[in-house]
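Asks: First the structure, which I've put down as structure tokens, then a few questions once you've had a look.
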Amino acid sequence: MIGLISVLVSCENEKTADSKRIPDAKTALDTVTVLSQLKGVWFDSNDYYENWQIEGKSLKGKALTKRNDSLFVNEELELKKINDEWHYCATVLDQNNGSTILFKLDSLSANHIRFRNPDHDFPNEIEYHFSDSVHLFIHVGGKGRWFDLNLTRN
């Protein structure tokens, strides 16, 4: 009887632990669903834009700024799997000799995505937080510096 009680308590503890788990960042279905929330055009009051489109098994984006009624591309962005792990790939047009910098998916929930690259000079961390379906907060930081963007879906 004591053995049966121990097994039941052990199973109950496993259920509790499972129910508190954050979705695994490597689970393809959960990751794709969360990342797909980025699809569309986002903008802020300072003429900064992000435009994301689903292309095959990845999301491709552009970070743009508006000057004199024209949009200029600052960064080419892509969210894709590399060796079974999701990465944020950023190519800043006038930095890093045109090389793409990779940030590995570090944290994922239904409304929050965080990518990290501790070896990059700046930034080391890029976070996307969906307040709701039309508001997106982006935190970019590392090594004591950061900036935030509050975007609205167009």
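Nothing in this text is a laboratory measurement; each read-out follows from the coordinates by a stated rule. Remember, predicted model here, so these are calculated numbers, not experimental data. Backbone-built Cβ (ideal geometry, glycine too); neighbour counts: all protein chains shown.
Asks: I'd like the distance separating the alpha-carbon centroids of the stretch 68-117 and the stretch 122-154, in whole Å.
Replies: Each part's Cα centre sits 12 Å from the other's.
Asks: Suppose R0 equals 25 Å. What FRET efficiency, 1/(1 + (r/R0)^6) with r the Cβ-Cβ distance, do residue 83 and residue 139 give to the nearest 0.05?
Replies: For R0 = 25 Å, the calculated efficiency reads 0.45.
Asks: A further question follows. Roughly how many nanometres apart are two label points built 7 Å out from the Cα toward the Cβ at residue 121 and residue 72?
Replies: That separation, rounded to one decimal, is 2.1 nm.
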